């Protein structure tokens, strides 16, 4: 392994270690919310390796670390930071939304370049990424609300915390900010985040 790749791998492993520690903390506290979120976060950190092994989809090292960082921020927030640090929720939504927008941008531009059936004009691409990210944010917020109602109905501990409609709308604002940043930046760096679609398109041609 090259020294250039060793650094991101070390960061990736370290963040996985933090999530694992939080899982143990959740176990000690008997918190179902912390346990479930930590377990899902660990699963997300393994996703790049699974995609590469099973589907030959190769994510860049930067994107892999980005995914791990985003889920780590969320998992750490589950240990009271969401309630004690007013900007933590905004930070996690911004980072996660930028991640979703970047992956959407990378996949869309790759398919656009290598498929004759798909053509997205450059001016519309930014609008598409913005709408795509906001839609993903709305789905996430709805899942939080559904989870809250189910937990109330069955008297269970809520896995995700909902603080009210104002907080939900503010979350969507920061989702939009993350998407706008990605839409403005764009460029070749984001095109190379996801590498498999290009190879798949070449095989299809």
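If the condition is being crowded, with 20+ Cβ neighbours inside 10 Å and either without any contact (Cβ under 8 Å) to a residue 12 or more places away in the chain or within 17 Å of residue 140 (Cβ to Cβ) (or both), then the stretch 38-65 contributes only 41. Remark: pairs (first residue in the stretch 70-88, on the phi > 0 side of the Ramachandran plot; second residue surrounded by fewer than 17 Cβ atoms within 10 Å (Cβ to Cβ) and part of a helix (DSSP H, G or I); Cβ separation under 9 Å; 6+ apart in sequence or on different chains) are absent.
None of 107, 103 is more than 22 Å from residue 161 (Cα to Cα), in the same structural domain as residue 185 (by TED's automatic domain parsing), assigned to a helix (DSSP H, G or I) and touching a strand residue (DSSP E or B) at 6+ places or on another chain (Cβ under 6 Å) except 107. Apart from one condition, residue 129 fits all of (1) out of contact with any helix residue (DSSP H, G or I) (no Cβ under 6 Å at 6 or more places or on another chain); (2) in a helix (DSSP H, G or I); (3) over 19 Å from residue 73 (Cβ atoms); the exception is (1). Of everything in the stretch 110-124 that is assigned to a helix (DSSP H, G or I) and in contact with a helix residue (DSSP H, G or I) (Cβ under 7 Å, 6 or more places away or on another chain), the residue that is surrounded by the most Cβ atoms within 10 Å (Cβ to Cβ) is 110. In the stretch 58-71 there is at least one residue that is closer than 24 Å to residue 164 by Cα and within 15 Å of the chain's Cα centre (by Cα). The single condition among (1) more than 17 Å from residue 37 (Cβ to Cβ); (2) over 17 Å from the mean Cα position of the chain (by Cα); (3) touching a residue at least 60 places away in the same chain (Cβ under 8 Å) that residue 178 does not meet is (2).
The values are calculated or read from the model by the stated rules, or taken from the named source; none is laboratory data. If you're wondering where the values come from, they're calculated on a predicted model, not measured in any experiment. Don't worry about glycine lacking a Cβ; one is built from the backbone with ideal geometry, like all the others, and counts go over all protein chains shown.
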